Amino acid sequence: MKYVKHIWIVLLTVAIANGQNKEAEQIKKESNNYTYKANKALEDDSFVDAEAEYRKAISKDGENATAKYNLGNAYYQNESYEEAFNRYKQAAEVAMTKAEKHSAYHNMGNVFMKNKEYEKAVAAYKNALRNNPSDDETRYNFALAKEMLEKNPPKEDDKDKKDKDKKEENKEQDKKDQNDKDQKDKNEDKGDKEKDEGGKDDKDKDGKGDQEKDKKKQDDKNDQNKADEKKDDKKQQQQPKPNQLSPQQVKSLLQAMNNAEKKTQDKLNEKKAKGIKVKAEKDW
């Protein structure tokens, strides 16, 4: 039973696909009929009828590249170049073959040449040659467009010129601001350096002053020490050493010795005046 169910699903899918294909074929057939009628009207120089039939064809099948391309030709012949360009562009977007793409881009280039938009014309012809490099007419138009572009470079419109001028002005202002900032930073760095050097000089001066003060203090201390030493020496010279008589003591001692000697001498002199007894007999 499952096998039968799968068969029914496959048959239903095929039937739907066949139905869709038939519907798509019918749409294409009706679109092609409108295109045929439009071509006939264009041959009879009936632009209005041709435009109407081409629009019907495109409305029926949006993938009808032929109807869009032929309608573009109709607009081009009627000098409606903007409408012609739009239809050529649409044709290039849905074209299935390189030949169709080549023709669409070639005619887009022709529209740009009519409008003297040579830069765009060069780009359009280049795209055409990518799809058919051997087409002599396209190659000629491409060379002509390049020559015209060199002789007539694109002019800037007022808006573009103003935008460009504004951009250049902003660029110059940015450059000026950057230069000002660099100069300011440079000045600040210089000021900081001078400040550091000034601080260093002050510090050196302070240090030198402190050193001079310390040196003066040391010198004063040394002088005081020397003075104290001299004073001590003098004091030591004046003070008697241990077991040593002072000058006053020596003077007193000499005076006492002189007095004693004088007394002794006086006694001797006194004895001589009385006489000394002599013994007759010798002492054994």
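Conditions tested, residue by residue: (1) closer than 30 Å to Glu23 by Cα; (2) modelled with pLDDT of 95 or more; (3) within 50 Å of the chain's Cα centre (by Cα).
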residue	(1), (2), (3)
Lys40	yes, yes, no
Glu43	no, no, no
Lys68	yes, yes, no
Asn73	yes, yes, no
Val111	no, yes, yes
Ala121	no, yes, yes
Asn127	no, yes, yes
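I'd like to check something: does the stretch 32-47 contain any residue that is touching a residue at least 12 places away in the same chain (Cβ under 8 Å), closer than 27 Å to Ala121 by Cβ and surrounded by fewer than 19 Cβ atoms within 10 Å (Cβ to Cβ)? Checked the stretch 32-47: at least one residue is touching a residue at least 12 places away in the same chain (Cβ under 8 Å), closer than 27 Å to Ala121 by Cβ and surrounded by fewer than 19 Cβ atoms within 10 Å (Cβ to Cβ).
Scanning the stretch 121-135 for residues that are surrounded by fewer than 17 Cβ atoms within 10 Å (Cβ to Cβ) and of a type in the set (Asp, Glu) returns no hits.
Select from the stretch 56-66 the residues that are surrounded by 15 or more Cβ atoms within 10 Å (Cβ to Cβ) and assigned to a helix (DSSP H, G or I) and write down the one among them that is nearest to the chain's Cα centre (by Cα). If we take residues in the stretch 56-66 being surrounded by 15 or more Cβ atoms within 10 Å (Cβ to Cβ) and assigned to a helix (DSSP H, G or I), then Ala65 is nearest to the chain's Cα centre (by Cα).
The values are calculated or read from the model by the stated rules, or taken from the named source; none is laboratory data. Remember, predicted model here, so these are calculated numbers, not experimental data. As a convention, Cβ positions derive from the backbone with ideal geometry for all residues, glycine included, and neighbour counts pool all protein chains shown.
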